[in-house]
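Heads up: the structure comes next, in structure tokens.
The values are calculated or read from the model by the stated rules, or taken from the named source; none is laboratory data. Note that the coordinates shown come from a computational prediction; the quantities given were computed from them, not determined experimentally. Here the Cβ is made from the backbone with ideal geometry for all residues, glycine too, and neighbour counts use every protein chain on show.
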Amino acid sequence: MATVRYDFPKTIKGDTFNGTLFTVTVNDLALDLTNAIVKMDLRLTPTGTIAKSFTSVGDADITISATPTDGKFTINRQIIDIDAGTYAYDIEIELADGTIKTYISGNWTIIQDVTHVG
């Protein structure tokens with residue numbers, strides 16, 4: 001399976017990102033995410049320093065659907081407060097059987113804010 005490309009909408013630094021829902025299918029069937037771990041890192045270059053990590057573990061930035069057999073997960077609503085730039089990312093899923101696959105990749109542009117609250 002080829003990795004699907006998705007570029008996040010441009011987000012202003014310090015603003016609230018409303019979240020994005022993904023559905024992963026393999027051969028037109030929803031991927032079973034029961035006991036899976038979903039991870040995503042943002043980097044200015046693919047091998048550069050991690051600017052922000054997201055995970056479905058613990059105090060999660062990613063939420064797997066309440067019905068994990070539907071292949072759905074969400075990058076949660078949150079404030080994105082990292083330096084302005086265009087970040088590369090991919091989303092890696094570790095399934096319950098230990099299989100690890102990268103299903104989604106792309107860019108996320110963070111725009112410098114002008115007005116600072118606080």
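Annotation note: Cβ proximity below 7 Å between a residue of segment 26-51 that is farther than 22 Å from residue 68 by Cα and a residue that is in a strand (DSSP E or B) and of a type in the set (Lys, Arg) (sequence gap 6+ or interchain) occurs for 42/52; 49/43; 50/43; 51/43.
Scanning segment 32-52 turns up no residue that is modelled with pLDDT of 95 or more, under 16 Å from residue 17 (Cα atoms), loosely packed, with under 15 Cβ neighbours inside 10 Å and out of contact with any helix residue (DSSP H, G or I) (no Cβ under 6 Å at 6 or more places or on another chain). Just checking, does segment 85-92 include any residue being touching a residue at least 60 places away in the same chain (Cβ under 8 Å), surrounded by 13 or more Cβ atoms within 10 Å (Cβ to Cβ) and among the acidic types (Asp, Glu)? Yes, segment 85-92 contains at least one residue that is touching a residue at least 60 places away in the same chain (Cβ under 8 Å), surrounded by 13 or more Cβ atoms within 10 Å (Cβ to Cβ) and among the acidic types (Asp, Glu).
Could you tell me which residue of segment 8-31 is surrounded by the fewest Cβ atoms within 10 Å (Cβ to Cβ), considering only residues that are of a type in the set (A, V, I, L, M, F, W, C) and more than 28 Å from residue 96 (Cβ to Cβ)?
12
Tell me whether segment 61-80 contains one or more residues that are touching an Asp or Glu at 6+ places or on another chain (Cβ under 8 Å), among the polar types (S, T, N, Q), within 15 Å of residue 9 (Cα to Cα) and touching a residue at least 12 places away in the same chain (Cβ under 8 Å). So far as segment 61-80 goes, yes, one or more of its residues are touching an Asp or Glu at 6+ places or on another chain (Cβ under 8 Å), among the polar types (S, T, N, Q), within 15 Å of residue 9 (Cα to Cα) and touching a residue at least 12 places away in the same chain (Cβ under 8 Å). Which fully enclosed strands (runs of 3 or more DSSP E) of segment 1-111 have 2 or more residues being of a type outside the set (Ser, Thr, Tyr) and more than 15 Å from the chain's Cα centre (by Cα)? Once the strands (runs of 3 or more DSSP E) in segment 1-111 are filtered for at least 2 residues that are of a type outside the set (Ser, Thr, Tyr) and more than 15 Å from the chain's Cα centre (by Cα), what remains is 100-111.
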